[in-house]
Amino acid sequence: MSTAVLPGATIGILGSGQLGRMLAQAARRMGYRVHTLSPGRDTPTGQLADREIVADYDDLDAIAAFARTVDVVTFEFENVAFAAADCAARHAPVRPDGGVLHITQNRLREKRALAAAGLPTAPFEAVAEGAELPGAIERIGTPAILKTAGFGYDGKGQTRIEADTDPATAWAAIGGGPAVLEGVVDFAAELSVVAARGLDGTMVDYGLIENRHASHILDLSIADMPLQPAQAQAARDIAHTVLESLEVVGVLCIELFLTRDGALIVNELAPRPHNSGHLTIEGCASSQFDQQLRAVCGLPLGDTARVAPVAMANLLGERWAAGEPDWQAALADPRVNLHLYGKAEPQPGRKMGHITALGDDRDDAARRALAARAAL
């Protein structure tokens, strides 16, 4: 008997931001219904869903009621409490399961899981309280980054430590509480591999994506980072090792540093589609959201073949500072595509949408994406 969740069934999404919105678009196209739950109302996902349930993630009664109305549950960001995933799993399959969520929403658990799988990471040490920080700095060395152990993204919850940094000041800067001290990696580039694993253990990936950041927020992603074949294979092997070791069913992104001597270091994991993978919507035969849907529903995974060289540029709230952006100017290039997330209030640093561009080669795609954004 098939364990697949077939079109016509209902997908439950915990979380309701832009990642859920794009998953809902893929699901609706394939004939699924979509329910979403989050504390927000008129959310990016809720605008497309059949039902938008407004509840906190720690409202386990609401989580249970939500799970009873759907055929499978997934999540669109990892900062959903493990208890919520565990509660939902009593009423419907949860994919990836709550154990993956539990590991990846805490930097220390994540680092230890990577080390246990034999994967390369920056030197790190747990720091449970401020009094432990001076000794950890001495052992790890400087420069280093002090990060909160849980619930951090886009550079939030972390501070850089130099040789002359006062440990007490650094501890206060992250708000205290359990933390991880990491040695700084001298990197030449930041990369990601977006990969998927199906219910049957089949795995696919989208190759190496180059990521360029501004103020700790992803700014530009360009597909097919040109590395030596052995390096590209090593990155894919790392991604597949993570998927297998955590027994992921769904999409997971591995963020990597390429060091100046050519080594690859795992930075962070995201157990869901990733900002850098948005370029797969126009750039690949099956997008990362198609793969998430296929994987969590137990369907065969799709083709990740590149349609054309592609790049993606984020649109942050600053683009609205002088009024509504000039969308006509941005879309003057016919190889440019616009995605807006349905967020009502632009704010500095808030991801409001993105632009993707196809090109003759990766440099041309990046140039087109940046030019379209500049035209706004």
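Counting only strands (runs of 3 or more DSSP E) wholly contained in region 261-376, the ones carrying 3 or more residues that are within 30 Å of K147 (Cβ to Cβ) and of a type in the set (A, V, I, L, M) occupy 264-270, 310-316.
Can you tell which of A230, A214 is more than 23 Å from L19 (Cβ to Cβ), without any contact (Cβ under 8 Å) to a residue 12 or more places away in the chain and either out of contact with any helix residue (DSSP H, G or I) (no Cβ under 6 Å at 6 or more places or on another chain) or charged (D, E, K, R) (or both)? Reasoning before the result, please.
Numbers: A214 fails: more than 23 Å from L19 (Cβ to Cβ).
Testing whether each residue is more than 23 Å from L19 (Cβ to Cβ), without any contact (Cβ under 8 Å) to a residue 12 or more places away in the chain and either out of contact with any helix residue (DSSP H, G or I) (no Cβ under 6 Å at 6 or more places or on another chain) or charged (D, E, K, R) (or both) leaves just A230.
What number of residues within region 9-51 are among the basic types (K, R) and under 24 Å from L315 (Cα atoms)?
The initial filter retains those residues of region 9-51 that are among the basic types (K, R), namely 21, 28-29, 33, 41, 51.
With under 24 Å from L315 (Cα atoms) added as a condition, the list becomes 21, 41.
Looking only at that region, the number is 2.
Where strands (runs of 3 or more DSSP E) fall wholly inside region 122-219, the ranges with 1 or more residues that are over 22 Å from the mean Cα position of the chain (by Cα) are 124-127, 144-148, 158-161, 179-183. Cβ-Cβ contacts under 6 Å between residues 6 or more apart (or on different chains), taken from a first residue in region 334-345 that is over 15 Å from S16 (Cβ atoms) to a second residue that is of a type in the set (S, T, Y) and surrounded by 18 or more Cβ atoms within 10 Å (Cβ to Cβ), are listed as N337/T356.
Taking the criterion of being over 30 Å from V5 (Cβ atoms) and either in contact with a His (Cβ under 6 Å, 6 or more places away or on another chain) or among the hydrophobic types (A, V, I, L, M, F, W, C) (or both), would at least one residue in region 95-108 satisfy it?
Of the residues in region 95-108, the ones over 30 Å from V5 (Cβ atoms) are 107-108.
Those left that are additionally either in contact with a His (Cβ under 6 Å, 6 or more places away or on another chain) or among the hydrophobic types (A, V, I, L, M, F, W, C) (or both): 108.
Yes, there is a match, as at least one residue in region 95-108 is over 30 Å from V5 (Cβ atoms) and either in contact with a His (Cβ under 6 Å, 6 or more places away or on another chain) or among the hydrophobic types (A, V, I, L, M, F, W, C) (or both).
Scanning region 236-269 for residues that are surrounded by 22 or more Cβ atoms within 10 Å (Cβ to Cβ) and among the small types (G, A, S) returns A239, G250. Selection over region 1-15 of residues that are under 18 Å from L252 (Cα atoms) and among the polar types (S, T, N, Q) gives a count of 0.
Of all positions in region 17-30, none carries a residue that is under 23 Å from the mean Cα position of the chain (by Cα), outside any loop (DSSP other than H, G, I, E, B) and farther than 28 Å from A344 by Cα. Only residues that are small (G, A, S) and without any contact (Cβ under 8 Å) to a residue 40 or more places away in the chain: list them for region 233-252, please. Within region 233-252, just A234 meets the criteria.
Output the residue which, of all residues in region 1-26 that are among the aliphatic types (A, V, I, L, M) and touching a Ser or Thr at 6+ places or on another chain (Cβ under 9 Å), is surrounded by the most Cβ atoms within 10 Å (Cβ to Cβ).
To start, the set of residues in region 1-26 that are among the aliphatic types (A, V, I, L, M) comprises 1, 4-6, 9, 11, 13-14, 19, 22-24, 26.
Now narrow it down to the ones that are touching a Ser or Thr at 6+ places or on another chain (Cβ under 9 Å): 11, 13-14, 19, 22-24, 26.
Details: I11: 28, I13: 28, L14: 26, L19: 27, M22: 25, L23: 31, A24: 28, A26: 22.
It comes out as L23.
Set side by side, the residues A235, A223 differ, and just one is closer than 22 Å to R112 by Cα, under 23 Å from the mean Cα position of the chain (by Cα), of a type in the set (A, V, I, L, M, F, W, C) and at pLDDT 95 or above, which is A235. Checked across region 30-47, the condition of being touching a helix residue (DSSP H, G or I) at 6+ places or on another chain (Cβ under 7 Å), of a type in the set (G, A, S) and modelled with pLDDT of 95 or more holds for no residue.
Taking strands (runs of 3 or more DSSP E) that fall entirely within region 33-112, which contain at least 2 residues that are surrounded by fewer than 24 Cβ atoms within 10 Å (Cβ to Cβ)? Step through it out loud before you land on a result.
Values: elements: 33-38, 51-54, 72-75.
Where strands (runs of 3 or more DSSP E) fall fully within region 33-112 and carry at least 2 residues being surrounded by fewer than 24 Cβ atoms within 10 Å (Cβ to Cβ), they are 33-38, 51-54.
Annotation: of all residues in region 43-59 being touching a Gly at 6+ places or on another chain (Cβ under 8 Å) and of a type outside the set (A, V, I, L, M), the one that is farthest from T280 (Cα to Cα) is E52.
The values are calculated or read from the model by the stated rules, or taken from the named source; none is laboratory data. All values reported here derive from a predicted model rather than from experimental measurement. Counting neighbours? That spans all protein chains shown, and the Cβs are built from the backbone with ideal geometry, glycine included.
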